[in-house]
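The values are calculated or read from the model by the stated rules, or taken from the named source; none is laboratory data. For clarity, every value in this text was computed on a predicted model and none was experimentally measured. Because the Cβ atoms are built from the backbone with ideal geometry, glycine has one as well, and the counts that use them run over all protein chains shown.
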Amino acid sequence: MVLLRKIALVVSFVFCGSLALAAAVVAAGGGGGLGPGVYSFSSRDASATFGTLKGGPPSQGFSVSVDRGLNVFRPKDPKAPRTVVNSTIVSLSLFDDAGNYSYGCFMINPADFTVSSDLQTARVHTTLTAGEICPGFGAPITDKGVSPLAGGGGGGTDLPLPISLDITWTGLGVTTTGSDRSTYQCLAYSTQFNTTFRSSNGPASGSMSAIPGSFDTPLATVGAFDTKATIKGTPDPVCFGA
């Protein structure tokens, strides 16, 4: 149970951080940055950790996160620029009681992930393949810095691909709401981000073909982030160490 909670927490950090870093990279001009103006960004996500099986070895489990919105990738070359992609990503982790762990990140067809407007239902129904592996290392920002588990340049090669995934989330009502405001200024350049978020906790159930059987869990959540960005001026290279 401790392992399940730890993995669920890591997945949560990875997920929430991706939108924050995407906004920062877009504002900084990295990978198709935006000029002065007012912009809106939205993200919809769902995550769950399964450790109790209906059939199949009880020592195995997995965590899955799905995110639709802005995502940031850093190529394997550390000198290459980050890129911002409006995409739908599945992050999948397999683990067992012996401490074995494998991870993959995949860009899937947006139609394979649906979320209701009230966050009470969500579903991912897709097949993860080698051709959908994420195009670079993700680098979401958390309170601990850059997470090494986010993204997947080469991620997924340790997983038994292809993997069929069919998970349904059922919310119990929006349980958490909040807002955040951040500003940045350097010389004549400034940015302001206003974000609102909602989340709905509840059970999830479904199947994942790498482990036989069907699964259910109370460790699941569906979330929504909506951000308005106001950008003024043009960044001087000294502002970002360029």
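Numbers at a glance
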| quantity | calculated |
| --- | --- |
| Considering residues of segment 194-235 that are over 20 Å from the mean Cα position of the chain (by Cα) and among the charged types (D, E, K, R) only, the residue modelled with the lowest pLDDT | Lys232 |
| Residue list for segment 38-52, restricted to those being modelled with pLDDT under 90 and surrounded by fewer than 18 Cβ atoms within 10 Å (Cβ to Cβ) | Tyr39, Ser40, Ser42, Thr52 |
| Near pairs, Cβ below 8 angstrom, 6+ apart or cross-chain, from segment 163-188 (on the phi > 0 side of the Ramachandran plot) to any residue that is hydrophobic (A, V, I, L, M, F, W, C) and not in a strand (DSSP E or B) | Leu187/Val238; Leu187/Cys239 |
| Criterion (within 20 Å of Gly213 (Cα to Cα) and modelled with pLDDT of 90 or more) met by exactly one of Val64, Val90, Val115 | Val64 |
| Contacts under 9 angstrom Cβ, first residue in segment 75-94 being under 24 Å from Phe50 (Cβ atoms), partner assigned to a strand (DSSP E or B) and at pLDDT below 70, 6 or more apart | Ile89/Gly151; Ser91/Gly151 |
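Condition check ((1) buried (at least 19 other Cβ atoms within 10 Å of the Cβ); (2) not in a strand (DSSP E or B)) across all residues:
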| position | (1), (2) |
| --- | --- |
| Phe197 | no, no |
| Asp216 | no, no |
| Thr227 | yes, no |
| Thr234 | no, yes |
| Val238 | no, yes |
